[in-house]
Amino acid sequence: MKILVVDDEPDVRALFEQRFRREIRSGALAFSFAYSGEEALDYLHGHHSEVVLILSDINMPGMSGLELLRRVRIEPTPPPPPRVMMITAYGDSESRAQAMSLGADDFLTKPVDFAALKEKLLALPSA
Amino acid sequence: MDENNFLVEIPFGILIIWLLRRFLATPTRLPQLDKRLAKLWVPGAVVWGTVLLFGTQLKLNGDLLDNAYLLLVLAAVLWVAWQLRAYVPARTVGLAVAPYALCVLAQLGLQLGGKKLLAAYDDSTDLAYSLSFFWAVALLAMARNQKNRLAADAQRRAEELAQQQLIEAQNAELERIVVERTAALSQQTEELREALTELKLTQAQLIQAEKMASLGELTAGIAHEIQNPLNFVNNFSEVSSELVTELTQERCRPARDPGLEADLLVDLKQNLQKITQHGQRAASIVRGMLEHSRASTGERQPTDINALADEYLRLAYHGLRAKDKSFNATLKTDFASGLPLVEGVGQDLGRVLLNLFTNAFYAVQQRQKKGGESGYAPTVSVRTEQVGDEVVVRVQDNGTGIPAAVQQKIFQPFFTTKPTGEGTGLGLSLAHDIITKGHGGTLTVISAEGAGTTFTVCLPLATS
């Protein structure tokens with residue numbers, strides 16, 4: 001299952017790769033990384049229907065995670081549409097409601113509980 | 001002497017007394033003696049009346065009595081002159097009448113002796129009388145002049161005295177007014193000094209308040225900025241602990257995979273580096289925050305403008321984003337590599353940059369809020385470069401822009417376009433002071449309404 005992680009912090013990559021090293025090694029999960037909303041969109045254009053899940057930070061310079069979510073939802077993509085989970089340091093209900101109304105499937109707050117995230121990811125139907 | 005003289009000489013004597021009293025002002029100068037002088041007319045009048053009425057019957061020698069009375073009068077004049085000898089006109093009067101008195105005395109002596117001078121001497125007697133008479137007239141005139149002169153002198157002295165007293169009174173009055181004014185002025189000075197002290201205190205408080213306000217704006221940004229590295233520290237420690245467990249397990253296995261073990265060790269080392277790195281990042285943010293809240297020491301140190309700009313750009317951005325969750329902006333940085341360090345007060349320069357960034361983000365946020373512009377991408381960029389012997393920092397935004405009328409006032413204290421309570425109006429004013437007065441640089445603005453604003457800070461490398 002291909003997961004695209006979008007975050008402006010470069011160290012997120014090292015963190016995910018280590019946190020999910022067993023799943024990556026076993027091939028259960030595959031991660032790609034983008035450091036901005038724009039980069040994520042580019043990647044999605046180049047890898048249609050590969051990405052099953054997008055894990056995106058909301059607060060990023062330039063295109064925000066919410067904007068990315070909006071664009072992903074309005075752009076015609078071959079089915080099935082990717083699931084989108086939003087991650088933010090500001091876990092207020094307003095952001096959550098906004099993310100949900102834009103079509104997010106889940107809403108996580110930083111610091112990310114990797115154990116919980118792992119369970120959620122492995123529980124996904126296509127995993 | 002015939003009897004016709006007689007009618008004249010006694011009134012003459014009385015006249016002399018009257019004139020004497022008047023001329024020498026005896027009522028005031030010699031009040032005791034004057035009382036007697038005032039009565040001197042009585043014997044004269046008695047003799048005169050007796051002789052006139054009964055002279056022939058009583059066979060009185062009118063001439064003798066006449067001279068005796070005149071001598072008495074002249075003696076009184078001399079006595080008065082002697083008594084008043086300190087008074088120059090009185091002395092002159094004495095000298096004036098003395099010869100005449102001698103003549104009268106001599107004649108009286110002859111009369112009493114019953115001797116008649118030889119007719120040959122009559123002429124000389126008349127001459128003596130005439131001479132003594134003119135002498136008397138001349139000296140009396142002189143005495144009168146002396147008296148007038150003395151009176152004039154006295155009057156002049158009195159006038160001078162009065163003048164002097166007037167001047168003294170005026171001086172005293174002036175002195176009093178001066179003292180009064182001085183007191184009023186020193187009171188005013190004291191009041192002004194107090195007001196100035198109060199103003200300075202208020203100014204210091206305002207500056208501190210503005211600092212704290214900007215710190216308040218930063219708090220959320222700082223919390224976010226610290227939370228991020230802390231998350232990494234926690235995550236990398238946890239994951240490292242997992243890696244150690246895995247490594248331990250790997251080593252216990254009969255068929256060890258050296259490649260995997262090496263990978264794990266590389267990861268571990270890398271994680272520890274990341275923990276250190278993120279820990280330092282958090283520490284530097286805390287340090288920055290403390291520096292910002294601390295009163296400026298004003299000490300100049302070589303300052304890395306690029307690092308300062310980068311740090312405060314992030315703080316300002318996260319500060320605003322913490323308040324407005326939906327806000328997003330593109331940050332563009334173009335830091336000149338090898339930019340020389342600037343001799344400056346890092347804390348103060350940081351405040352200036354923070355202020356410029358906060359304003360820039362505020363401007364793009366306002367433009368975004370207005371809406372109606374599709375494809376509007378809020379952008380704040382910072383660029384550093386060395387131009388000649390100056391370091392130039394440009395903070396540019398594509399926000400609302402500043403109307404030309406307002407541009408004139410933005411560096412004035414207390415001028416703000418923000419709603420009440422949102423801005424102190426001191427930010428740019430303080431920034432301007434810090435750059436121009438504190439560092440000998442310049443802070444300028446170029447803005448187009450609806451297009452954006454660029455603030456340019458020029459800092460001389462070597463400040464003299």
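The values are calculated or read from the model by the stated rules, or taken from the named source; none is laboratory data. Source: prediction; values computed, not measured. Positions of Cβ are backbone-derived with ideal geometry, glycine not excepted, and every protein chain shown enters the neighbour counts. Quick note on the areas: whole protein, heavy atoms, side chains included, nothing else; ligands and nucleic acids left out. Shrake-Rupley method; radii C 1.70, N 1.55, O 1.52, S 1.80 Å.
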(request) Work out which helices of chain B, taken as complete DSSP H runs, extend at least 15 Å along their axis over the Cα atoms and score a mean Kyte-Doolittle of -1.0 or more, then list them. (result) B:3-23, B:41-58, B:62-83, B:88-112, B:119-252, B:258-293, B:305-323, B:346-370
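Taking the DSSP beta bridges in chain B as the whole, what percent of them are antiparallel, to the nearest 5? All intermediate terms of the calculation are to be shown ahead of the outcome.
Working: 26 of 31 bridges.
Percentage antiparallel, nearest 5: 85.
Can you tell me what the convex hull of the Cα atoms of segment B:3-167 projects to on average, as an area in nm²? List each step's numbers first, then the result.
Numbers: hull surface 45.0 nm².
Result: a mean projected hull area of 11.2 nm².
What does the average come to when, for each residue of peptide B:224-231, you count the partner chain Cβ atoms lying within 10 Å of its Cβ? Please report the intermediate quantities before stating the final value.
Values: counts 4, 1, 0, 4, 5, 2, 1, 8.
Taking all residues of B:224-231 together, the mean is 3.
Taking each residue in A:8-17, count the Cβ atoms of any other chain within 10 Å of its Cβ, then average. What number comes out? Before the final figure, lay out each step's value.
On the way: counts 1, 5, 0, 10, 3, 0, 8, 8, 2, 2.
If you average over the peptide's residues, the count of other-chain Cβ atoms is 4.
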(message) Is the C-alpha gyration tensor of segment A:19-122 telling us rounded, prolate or oblate? Criteria: a/c under 1.5 is rounded; beyond that, a/b larger than b/c is prolate, otherwise oblate.
(response) oblate
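Evaluate the charge dipole of segment B:324-464 about its Cα centre and quote only its size in Debye, nearest 20, assuming +1 on the Cβ of each Lys and Arg and -1 on the Cβ of each Asp and Glu. Intermediate results must be reported in sequence, preceding the final value.
Working: 11 positive and 12 negative charges, 92 e Å.
Roughly 440 debye for segment B:324-464.
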(message) Expected output is a single nm value to one decimal: the length gained when fully extending between residue B:323 and residue B:366, i.e. 0.36 nm times separation in residues minus the C-alpha distance. What is it?
(response) 14.1 nm
(request) Would you mind checking the pairs B:332/B:418; B:269/B:325; A:118/B:323 and listing those with alpha carbons more than 29 angstrom apart? (result) B:269/B:325; A:118/B:323
(request) Only helical DSSP H runs with n ≥ 4 go in: add -39500 (n - 2.57) per run for the protein assembly as shown, normalise by residue count and round the 222 nm mean residue ellipticity to 500 deg cm²/dmol. (result) -22000 deg cm²/dmol
(request) Express the relative contact order of chain A as a whole percentage, based on alpha carbon pairs under 8 Å and six or more residues apart in sequence. (result) 24 percent
(message) Amide H of residue A:6 versus every other amide H placed in the peptide plane: which residues, excluding those fewer than 5 positions away on the same chain, fall under 5 Å?
(response) A:34, A:55, A:56, A:57
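Order B:19-30, B:451-462 from most to least packed using the mean count of other Cβ atoms within 10 Å. Intermediate results must be reported in sequence, preceding the final value.
Numbers: B:19-30: 16.3, B:451-462: 18.5.
The packing order, highest mean first, is B:451-462, B:19-30.
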(request) Apply the Kirkwood formula to chain B: the hydrodynamic radius equals the inverse of the mean of 1/r over all pairs of different alpha-carbon atoms; give it in Å with one decimal. (result) 33.9 Å
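I need the peptides A:30-41, A:49-60 ranked by packing, meaning the mean over residues of other C-beta atoms within 10 angstrom, with the highest value on top. Write out the running numbers ahead of the final one.
Details: A:30-41: 19.4, A:49-60: 22.0.
Most protected by this proxy first, the peptides run A:49-60, A:30-41.
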(request) Could you work out the equivalent-ellipsoid semi-axes for the protein assembly as shown, taking the square root of 5 times each eigenvalue of the Cα gyration tensor, largest first, in whole Å? (result) 136, 23, 20
(request) Quote to one decimal, in nm, the extra length available between residue B:387 and residue B:238 on full extension: 0.36 nm per residue of separation minus the C-alpha distance between them. (result) 48.8 nm
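Just for the protein assembly as shown, what percent of DSSP beta bridges are antiparallel, to the closest 5? Each step should come with its number before you reach the end.
Working: 26 of 50 bridges.
Around 50 percent antiparallel, to the nearest 5.
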(message) Give the A-B buried accessible area in Å², both sides summed, 1.4 Å probe, nearest 100.
(response) 2300 Å²
(message) Taking all protein chains in place and a 1.4 Å probe, what share, in percent, of the accessible surface of segment A:2-123 do carbon and sulfur account for?
(response) 53 percent
(message) Give the lysines whose C-alpha is closer than 25 Å to that of residue A:120, dropping any in the same chain fewer than 8 places away, or say none.
(response) A:2, A:110
(message) Using a probe radius of 1.4 Å on heavy atoms only, what accessible surface per residue do you get for chain B? Whole Å² is fine.
(response) 57 Å²
(request) Take the Cα atoms of segment B:389-464, build their convex hull, and give its volume per residue in Å³. (result) 89 Å³
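In whole percent, and with a 1.4 Å probe on the protein chains, what portion of the accessible area of chain B is carbon and sulfur? Don't skip to the end; give the middle numbers.
Numbers: 15840 of 26620 Å².
For chain B, the apolar C and S fraction of the accessible surface comes to 60 percent.
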